[in-house]
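Please read the structure below before turning to the comments.
The values are calculated or read from the model by the stated rules, or taken from the named source; none is laboratory data. What you see is a predicted model; the values in this text were computed from it and never measured. FYI the Cβ positions are ideal-geometry reconstructions off the backbone, even for glycines, and counts take in every protein chain you see. Keep in mind that these areas ignore ligands, DNA and RNA; they rest on the heavy atoms of the full protein, side chains included. Shrake-Rupley method; radii C 1.70, N 1.55, O 1.52, S 1.80 Å.
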Amino acid sequence: MPMYDVLFQNAINQVKAEGRYRVFADIERIPGAYPRALWHGPEGPKEITIWCSNDYLAMGQSPIVKEAMASALNDLGGGAGGTRNISGTAHVHVALENELADLHDKEAALLFTSGYIANEATLSTLGKVLPGCIIFSDALNHASMIEGIRHSSAEKCIWRHNDVAHLEACLSAAPDEAPKVIACESLYSMDGDIAPLHDICDLADRYHALVYVDEVHAVGLYGPEGAGIAARDGLSDHIDILQGTLAKAYGTMGGYIAGKAVIIDALRSMAPGFIFTTSLSPALAAGALASVKHLRQDDHLREMLHEKARYLRDELLQHGFPVAENDSHILPLMVGDPLLVRSLSDHLLHAHGLYVQPINYPTVPKGGERLRLTPSPLHAAEDCKTLLTALEEAWDCLNIPKVA
C-alpha cells in the first residue's frame, strides 16, 4: 500500500478506535408521511421513524414549500448562475433578504449558502473590519463560530459557557478603547440550553461591545412570528448581528445574517465566504421565502412542537431516562460512552426501526456522548409510546444505567 494510503488508513483506524467513526444512515423520506422514511440498510429498504431531524417543523415536506420550489424551478431553472456579484442575484434572493430583515426588525439581511458559512465568513471578517478587535466567545459556541474567530486573527477571550460573571471579568480586563464583539448562541443545539441574553446585552451596553447571536436553532420556533429567542425576550434592539439558518425550522437550505444596513453592507463588500461563492439556487430561496412567510403568520406548528417536546420530556423523566435539563425542544439522552451510544443507536434502528443518530466527539466533548431526540409536530402520541418502549428494551439489552 502506498505511503499516503497508509497514513489515511491510520487516521481512519484511530477514529474507529476512539469510537467516533461516523456511519451515514442512507434514508429516503416518504413524501407526506413525515416522520416516516425508508432506510436502505443491509437487508434492503425498511420503513423507519426519524427522531433526530433538524427539520423541526417538517416544513421540508410542506406543500407550501414544495409548490414554491417547483414553481421557481420551472420559471427560473436550477442554479443561480454565478456569485451574487456576477449574475447570481435573482429577484427572489432580494425578496428573501427583505423578508428576513423585516422578520428580525433589522435594516438589512444577507444570504449565505449555509449557516456554517454565514458564521465563519461573518466572524472572520469582523476581526478584519474592526482594527484591534477582541472577540469574546462562549466556550460551547458552534464549530463554525470557532473557525470564524480563528480566521479573523482577532484577539479572543473564551468565557465559560453561559457564565456572565466570567464574561464580565474578561470584558473588564480588556482595554476600553478596543472594539469588542460578544459572540454566543441563543439556544445551544447539543445541550438544548438557552443563553442568558438579558445579562449578556447588559454587559455589552456597559462595556460598549457589539453582540453577535447565532439563532439557528431558534428562528422559526420561538418568539413573535418565529423571530427567535432574542425577539421572545424583547432584546432584538440589543442584538447587533443576528445569524440564522433556513435549513432547520424553515426546512430548506442556506444561512443569513441581519443587522444595521452599514454593518451588512460592510460584510457584503468584504467577506470572502460571501463574495466568492455561487449564490443559493433560486428554487431554494423561493422555498425558504414561502416557509418564512407562512411561519410568520401561523403559530400552530410551533405550539404543537413545544407541546410534543414537553410531553416527551415528562415521559422520559418518569421512565428514569437521563434527559439533560433545559427549557427547549431539544431532548439530549446522556450516555457518556462513544461505543455504547453507537451500539444504542444501531440497536434502535435495527431492532425497532427508530433512527436516532449518536452524537459524539468532536460535536460534544469526550464523555458527553448522547442521543439527541428532536420531536416534531407530526410525531403522534403513539410514536412517543413506541419510542419509550424501545428505549426501555434497548437500555436493558445493553445494560445501560439510567443515571448519566
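Scanning the stretch 356-404 for residues that are open to solvent by 30 Å² or more (accessible area, probe 1.4 Å), hydroxyl-bearing (Ser, Thr, Tyr) and in contact (Cβ under 8 Å) with a residue 60 or more places away in the chain yields a total of 3. Residue 281 meets all of the listed conditions (1) out of contact with any strand residue (DSSP E or B) (no Cβ under 8 Å at 6 or more places or on another chain); (2) surrounded by 15 or more Cβ atoms within 10 Å (Cβ to Cβ); (3) closer than 24 Å to residue 189 by Cβ but one, namely (3).
Apart from one condition, residue 224 fits all of (1) in contact with an Asp or Glu (Cβ under 7 Å, 6 or more places away or on another chain); (2) closer than 23 Å to residue 56 by Cβ; (3) open to solvent by 50 Å² or more (accessible area, probe 1.4 Å); the exception is (1). In summary, residue 218 fulfils each of the numbered conditions (1) more than 16 Å from the chain's Cα centre (by Cα); (2) not in a helix (DSSP H, G or I) with the single exception of condition (1).
Checking each residue in the stretch 167-214 for being crowded, with 20+ Cβ neighbours inside 10 Å, under 24 Å from residue 153 (Cα atoms) and acidic (Asp, Glu) picks out 185, 214.
Per this entry, residue 241 is counted among residues that are in contact with a Phe, Trp or Tyr (Cβ under 9 Å, 6 or more places away or on another chain), among the β-branched types (Val, Ile, Thr) and either farther than 26 Å from residue 68 by Cα or surrounded by fewer than 24 Cβ atoms within 10 Å (Cβ to Cβ) (or both). Listed by position, the strands (runs of 3 or more DSSP E) contained in the stretch 1-52 that have at least 2 residues being out of contact with any His (no Cβ under 6 Å at 6 or more places or on another chain), among the β-branched types (Val, Ile, Thr) and within 24 Å of residue 190 (Cα to Cα) are 44-50. Taking residues in the stretch 84-98 that are in contact (Cβ under 8 Å) with a residue 24 or more places away in the chain and more than 20 Å from residue 250 (Cα to Cα), and partners anywhere that are among the β-branched types (Val, Ile, Thr) and open to solvent by 30 Å² or more (accessible area, probe 1.4 Å), the pairs with Cβ atoms closer than 7 Å and at least 6 places apart or on different chains are 85/275; 88/278.
In the stretch 313-334 there is at least one residue that is without any contact (Cβ under 8 Å) to a residue 24 or more places away in the chain, among the β-branched types (Val, Ile, Thr) and either farther than 30 Å from residue 85 by Cβ or surrounded by fewer than 18 Cβ atoms within 10 Å (Cβ to Cβ) (or both).
Take the conditions (1) on the phi > 0 side of the Ramachandran plot; (2) open to solvent by 10 Å² or more (accessible area, probe 1.4 Å); residue 353 misses just one of them, which is (2). Within the stretch 247-271, take every residue that is open to solvent by 30 Å² or more (accessible area, probe 1.4 Å) and under 22 Å from the mean Cα position of the chain (by Cα) and give me the one that is farthest from residue 228 (Cα to Cα). Per the stated criteria, the residue is 253. Candidates in the stretch 45-62 are the residues that are over 21 Å from the mean Cα position of the chain (by Cα) and among the charged types (D, E, K, R); of these, the one that is surrounded by the most Cβ atoms within 10 Å (Cβ to Cβ) is 46. When residues of the stretch 27-44 are filtered for being open to solvent by 70 Å² or more (accessible area, probe 1.4 Å) and in contact with a Phe, Trp or Tyr (Cβ under 7 Å, 6 or more places away or on another chain), how many remain? Residues in the stretch 27-44 being open to solvent by 70 Å² or more (accessible area, probe 1.4 Å) and in contact with a Phe, Trp or Tyr (Cβ under 7 Å, 6 or more places away or on another chain): 0 in total. Remark: pairs (first residue in the stretch 277-301, in contact (Cβ under 8 Å) with a residue 40 or more places away in the chain and closer than 17 Å to residue 87 by Cα; second residue assigned to a helix (DSSP H, G or I) and open to solvent by less than 30 Å² (accessible area, probe 1.4 Å); Cβ separation under 7 Å; 6+ apart in sequence or on different chains) = 279/93; 280/93; 282/72; 282/92; 283/72; 285/92; 285/93; 285/96. Inside the stretch 182-196, residues that are β-branched (Val, Ile, Thr) and out of contact with any Asp or Glu (no Cβ under 9 Å at 6 or more places or on another chain) make up a count of 0.
Of all the criteria given as (1) farther than 21 Å from residue 191 by Cα; (2) out of contact with any His (no Cβ under 7 Å at 6 or more places or on another chain), the one not satisfied by residue 394 is (2).
For the stretch 205-228, the condition of being in contact (Cβ under 8 Å) with a residue 60 or more places away in the chain, aromatic (Phe, Trp, Tyr) and touching a strand residue (DSSP E or B) at 6+ places or on another chain (Cβ under 8 Å) holds for at least one residue.
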